[in-house]
């Protein structure tokens, strides 16, 4: 199957292959196709007539000469607004990226392994009987269910979907907060989302799945974006663009036929609610000691919840 990128590069008449650009309209030049796609998205959103010329290994983004300076200012502003603050760590950038990917991969592996142990959803099995997010039981005081339900899944399709998207969003959250802090915030936001869902939907509702925590990770990213804009002094609609982007992700990924849409929404909103003050309080990623303590706390919360469920 030909991907969108390949198709774009080989379609007859594609501006990336046709006439060379007018040098007076060149805005950016790079060897990174992902950067090019991002720049084109920004320029198109601002109504610039942008196109790309591919010369060997380089991609050249250009606009009509009369729009060049304005386009450069837009990209400069975008890159300034979305630049990550320097991290107080001595690790090289590629090593930091490895840690983020490891965090995402470990999350995916953990929920798949747990599903292999518990099996698919079965109300007669102790894991599900005592650990599912049964709203009636939660409202009767069995609050551990809001946490244990994050570890359970209905079937292979359910767990693999959460593993795939969870790996992506956990890695992204780990990039902003660090892996340990991100995990702790996800557990707290996921549990709060399940509690809010039980209160909202009332007795008779039941659910399982890590998706509430996965969408909490999306909320954490949105909350971090809002907090960064607050620190820059942004106001009005621009301030809430990251939250709108997160809601769009929920609309695309979290509203399937068997999805617990309200749980997804509550997890996302709680993640955003936690992400804003967390980012304002600690604008830079906490160091290794904090990450270890946060990760250990998250694991301890999960272990204690399951102890209560299985006694």
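Here are a few things to note about the model shown:
- Measuring r between the beta carbons of residue 248 and residue 297 and using R0 = 30 Å, the FRET efficiency lands at 0.40.
- Measuring nothing but how far apart in sequence close Cα pairs (under 8 Å, 6+ apart) lie, relative to its length, the chain scores a relative contact order of 18 percent.
- Structure-based [θ]222 nm, the chain - -39500 (n - 2.57) summed over DSSP H runs of at least 4, per residue, nearest 500: -21000 deg cm²/dmol
- Folded to 0 to 90 degrees: helix 68-82 orientation relative to the chain principal axis, Cα: 20
- On Cα atoms only, tilt of 33-45 relative to the major axis of the chain in degrees: 80
- Base-10 log of normalised Debye intensity for the range 104-149 (one unit scatterer per alpha-carbon) at q = 0.14, 0.29, 0.30 Å⁻¹: -0.39, -1.00, -1.03
- Compactness of the range 217-262 - radius of gyration and Dmax, Cα, Å: 12.5, 41
- Across the alpha-carbon atoms of the range 209-311, the computed radius of gyration and Dmax are 15.8, 51 angstrom.
- Across all Cα pairs in the chain, the calculated P(r) in 10 Å bins from zero up to the longest distance comes to 6, 23, 28, 22, 13, 6, 2, 0 percent per bin.
- Counting only alpha carbon atoms, the long axis of helix 288-310 and the longest principal axis of the chain meet at about 40°.
- Choice from 265, 195, 43 showing the highest fluctuation, given a GNM over the chain with Cα pairs closer than 10 Å: 43
- Label-point separation in nm, residue 284 to residue 29, each point 7 Å along Cα→Cβ: 3.5
Each reported figure results from applying straightforward, stated rules to the coordinates on display, with no laboratory input. None of these values were measured; they are calculated from a predicted model. Note that we place each Cβ from the backbone using ideal geometry, even for glycine, and neighbour counts take in every protein chain shown.
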